[in-house]
Amino acid sequence: MDFRGAHIISVKQFERTDVDKVFQVADNMEPYAHRKRVSNVLGGAILGNMFFEPSTRTRVSFGCAFNLLGGHVRETTDVKTSSITKGESLYDTARVISGYSDVIVMRHPKVASVAEFAKASRVPVINGGDGPNEHPSQALLDLYTIKKELESKQRKIDGMHIAMVGDLKHGRTVHSLSQLLLLYEDIKLTLISPQELRMPAAIVAELQANGHEVVETEDMEAGLSDNDTVYLTRIQEERFTNRLEADIYRGRFRLNQAIYTRNCQPNTVIMHPLPRDSREDANELDNDLNQHPNLAIFRQTDNGVLVRMALFALILDVADKVDQAAADVGWYTERRF
Amino acid sequence: MDFRGAHIISVKQFERTDVDKVFQVADNMEPYAHRKRVSNVLGGAILGNMFFEPSTRTRVSFGCAFNLLGGHVRETTDVKTSSITKGESLYDTARVISGYSDVIVMRHPKVASVAEFAKASRVPVINGGDGPNEHPSQALLDLYTIKKELESKQRKIDGMHIAMVGDLKHGRTVHSLSQLLLLYEDIKLTLISPQELRMPAAIVAELQANGHEVVETEDMEAGLSDNDTVYLTRIQEERFTNRLEADIYRGRFRLNQAIYTRNCQPNTVIMHPLPRDSREDANELDNDLNQHPNLAIFRQTDNGVLVRMALFALILDVADKVDQAAADVGWYTERRF
Amino acid sequence: MDFRGAHIISVKQFERTDVDKVFQVADNMEPYAHRKRVSNVLGGAILGNMFFEPSTRTRVSFGCAFNLLGGHVRETTDVKTSSITKGESLYDTARVISGYSDVIVMRHPKVASVAEFAKASRVPVINGGDGPNEHPSQALLDLYTIKKELESKQRKIDGMHIAMVGDLKHGRTVHSLSQLLLLYEDIKLTLISPQELRMPAAIVAELQANGHEVVETEDMEAGLSDNDTVYLTRIQEERFTNRLEADIYRGRFRLNQAIYTRNCQPNTVIMHPLPRDSREDANELDNDLNQHPNLAIFRQTDNGVLVRMALFALILDVADKVDQAAADVGWYTERRF
């Protein structure tokens, strides 16, 4: 695809070369995200960061990525403060807001709303999550993390084994990540979930049609063995029609130090899209793994900034100019790790 | 008036030369709003964008205008997050907030609150809407749009015919626009509304005293003929004491393709302050006109950025320096239209 | 202490030389806060302004201070829009958010939450208020104001007399200010409050152990005499278990023109942490003193910007570089006083 001026609505729009391109630009963003260098390549540009559903992490991550390229951020954080409550159509909102900015990130609770919005927008739109449907930058940062973690262990995405654990029915991130994995070869996916929260059959079928091996199981400990990556998810209680039903599943599949040591390969990477539910009755990924070197969950969110910088740079066609507009950083930039 | 350091509270403070000045500076802002050039003339300046009543469009438009001149924006979007709930007076809020910024835009649900706030402020204040009372930048952008649209058709504001349609009783925008039209000559206004939602008699009297011709009617189709501009408005349900009463009027005056073609002159400009209510029972301006070349509603919101840039530039006395502080734009700036 | 990269969590971490250092850097920030000069020393840096409890004044003051040094601000204003409602731990929030910014200001309703957050953060954290507990930048700006006000009258903090009035039990600011006063010598504190809202005994004991003289009284008029500074506070109704109980005390201790003139020394400085409650039944500091030259309450909030700029400059180690990165200001900067 041609990223220049493109909308980013769905992972389905990417071919493997597109993903490679995003990852290569993301690699180049590291000195800026790590505050070794500062770039002003988008100095004067404006991001419309339109969040019609709350999401602190995604919102701040996109905003920060744009600031790191030198741009301004104008933001909306609440659907109730918007004209939508006065009966305004997505078409009108898009026509208006796209007159205020150079690129828009939009999150909205309604499936397909962002695509509809993008159709009317005069500037490029990135889907920041349309309800339970798509969240392409999350899928890209997940895959980018897998790539970097595996490469540091001399492995790669092609041929890898990955276990996905938890609420695979409602988890938007595992759906999108599975879609991206269709671009790769010879992957084994072990899908660990309650029977009622299994990965949608259509996705399983697609994975298999692509030549991937898919194993579905309710036996977590057996499923954990022999994986390069374990990708855990939270029970998405907000997606249940009856929230009480979520209580049945919460806390059923947990990874902690003991279970990890007993079942996983010693260099299995641990991932989670966050937020993880750290309340006692949930705790799908225990805090006793917080210091584990294979716990990649915060490298994931850090990578999110790189991937989002890459998307902005590609869409606004400045990927080759970032370094020219760069300078050294003069303030305290040490990080505690 | 001297714009330097002035508060912008009401359209009544403008003479015709003042409006001309704003429009002339707004014209000069076009290359910046259209991302041909980027200016840093207000680099380091801070806008306090204080919205004590929700308004995504106006808030983002002002913020974007300030960013386009290179400045920072600090924002408040909700009255509940403010000290006002702890019994703080507008005087105190103004004294404090004006110590944080170079200029303030304030929106507040209470009539005359912004004028009261401005009296205590140490920096210039722009009224971003004080309840049903005033919203001067909206009136300016409406008139600026009329001027540009008519000029593109070799006509001008003096001598024009304009129809205003809908809730003319509560519509702040038609009141303010009427005030501005007092600065011009020989205008014919056709006021189309339900009997109960007529333009306030005082405004009608002022228009007539100024030599304008005013026709009031409930017959929309007759009223639409022979106009340079038709300005539609939404039923302002939030201004009704009894919201249910608003339902009686909603949907009563609608403009769509068929009605337009049947009644309007072929180059009649269609305007609306937005948001338009696109719910089926309202739909005062139908989507079937979205592609019509005379539909100026999104040019209106685009012009809002120009007019607000002009106000900032004049108040902060940098109108003549914008171009000196300018550079070329290096990112993707094509727009879909 | 070494400010470079430090967390600012509590006033207890300061020695007198630290406070001196902050005040000296704050003095140097004046040309920037007063818009004589503009500095870009933090150009490209990002502040994470995380407010999980509303506070317009503190939030905007910190954001403005960061902008005045040239940096970007990413903001969160509402706990409900955050992952915390999905069971996320402060540890996770801190790990994630600290990957997005160079420094974080955090406000949170829970005592000790900011310290817990800071422990997991990879970047420096400033406590912007953790419930009724600490708010160190407020204490610093209060003391900085006292210092500047007294110096303008050829007096100093050592040896001064100060009266604190109102809700001394719940008032976080008077607690923190008292802590800072332990770094100074020979101070007389007159604590005027209802018996039930007295300063906590532990703080009184500390002040006395430090050699300060403490007088506790319910007799306001007697207590007001012979002070360099009178520091008034609002009844903190939101900190009462039973809000109705707050009504008993509201309005009991009031300072107005007549009481001031009758009881205070002619150059007694009047302070208040704001917001003051200007509702008729409260009105602990009357508006009839608004024009009094000794009323320092708005100089207090102005000083807040200087002190916060100083904290950022010290933590990010740019205090010596601010002037090098400076330029003249080209826009209208006159202030109405």
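Rule-based calculations on the coordinates, nothing more; no lab input. Predicted, not measured: the structure shown is a model, and the values here were computed from it. Positions of Cβ are generated from backbone atoms using ideal geometry, with glycine treated the same way; all protein chains shown enter the neighbour counts.
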| task | Mind listing the label-point distances from A:Arg336 to the same position on all other copies, shortest first, one decimal in nm, points 7 Å along Cα→Cβ? | result | 4.6, 4.6
| said: How large is the direction-averaged shadow of the alpha-carbon convex hull of the range A:108-251, in nm²? | reply: 9.6 nm²
| said: Please compute one quarter of the surface area of the Cα convex hull for chain A and express it in square nanometres. | reply: 17.3 nm²
| task | Return the percentage of antiparallel bridges among DSSP beta bridges fully within the protein assembly as shown, rounded to the nearest 5 %. | result | 10 percent
| task | Take chain A, connect every pair of alpha-carbon atoms lying under 10 Å apart with a spring to form a Gaussian network, then pick out the residue of A:Asp228, A:Asp317, A:Asp130 with the largest mean-square fluctuation. | result | A:Asp317
| query | Where Lys and Arg each count +1 and Asp and Glu each count -1, what net charge lies around B:Arg35 among other residues with Cβ under 9 Å from its Cβ? | reply | +2
| Estimated vicinal HN-Hα couplings, Hz - the range C:158-164 in sequence order (Karplus 6.51, -1.76, 1.60; Gly, Pro = x) | 4, x, 6, 10, 9, 9, 10
| task | Distances from C:Asp323 to the same position in the other copies: list them in nm, one decimal, shortest first, using label points 7 Å from Cα along Cα→Cβ. | result | 3.7, 3.7
| field | Under Karplus coefficients 6.51, -1.76 and 1.60, residue-wise ³J(HN,Hα) of the range B:236-247 in Hz, glycine/proline x | value | 7, 4, 5, 9, 7, 4, 10, 4, 4, 4, 4, 4
| the range A:237-337: GluC sites (Glu not before Pro) in DSSP loop, at most 14 other beta carbons within 10 Å | A:Glu280, A:Glu334
| request: For each of C:Asp142, A:Asp288, count neighbouring Cβ atoms within 10 Å of the residue's Cβ, then give the residues from fewest to most. | output: A:Asp288, C:Asp142
| message | At 7 angstrom along the Cα-to-beta-carbon line, where would the label on A:Lys119 sit relative to the other copies? Give the distances in nm, shortest first. | response | 5.3, 5.3
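Compute the Cα gyration tensor for the protein assembly as shown, then decide on rounded, prolate or oblate, letting a ≥ b ≥ c be the square roots of its eigenvalues: rounded whenever a/c is under 1.5, prolate when a/b is larger than b/c in the other cases, and oblate in all that remain.
On the way: a/c = 1.68, a/b = 1.00, b/c = 1.68.
Note, shape of the protein assembly as shown comes out oblate.
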| request: Relative to the longest principal axis of the C-alpha atoms of chain A, give the angle of the C-alpha long axis of helix A:297-315, reported between 0 and 90° and rounded to the nearest 10°. | output: 40 degrees
| remark: Flagged as over-length at 23 Å C-alpha distance, from C:Lys147/C:Lys321; A:Lys153/A:Lys321; C:Lys110/C:Lys169, the pairs are C:Lys147/C:Lys321; A:Lys153/A:Lys321
| request: Give me the percent of DSSP beta bridges within chain B that run antiparallel, rounded to the nearest 5. | output: 10 percent
| remark: GNM of chain A, Cα pairs under 10 angstrom: of A:Thr301, A:Thr241, A:Thr229, the biggest fluctuation goes to A:Thr241
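How would B:Phe51, C:Phe240 line up from fewest to most surrounding beta-carbon atoms within 10 angstrom? Write out the running numbers ahead of the final one.
Working: B:Phe51 23, C:Phe240 18.
By the 10 Å Cβ count, ascending: C:Phe240, B:Phe51.
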| query | Taking only Cα atoms, what is the 0 to 90° angle, nearest 10, from helix B:56-68's long axis to the longest principal axis of chain B? | reply | 50 degrees
| request: Provide the per-residue ³J(HN,Hα) series for the range B:132-145, in order, calculated from phi with Karplus coefficients 6.51, -1.76, 1.60 and θ = phi - 60°, each as a whole number of Hz, with x at glycine and proline positions. | output: x, 7, 10, 7, x, 5, 5, 4, 5, 6, 5, 5, 4, 5
| So what is the 222 nm mean residue ellipticity for chain B from helices alone, if each DSSP H run of at least 4 adds -39500 (n - 2.57) and you divide by all residues, rounding to the nearest 500 deg cm²/dmol? | -10500 deg cm²/dmol
| All aspartates and glutamates inside 16 Å of C:Lys188 as judged from Cα atoms, apart from same-chain residues fewer than 8 positions distant | C:Asp158, C:Glu206, C:Glu213, C:Glu216, C:Asp226, C:Asp228
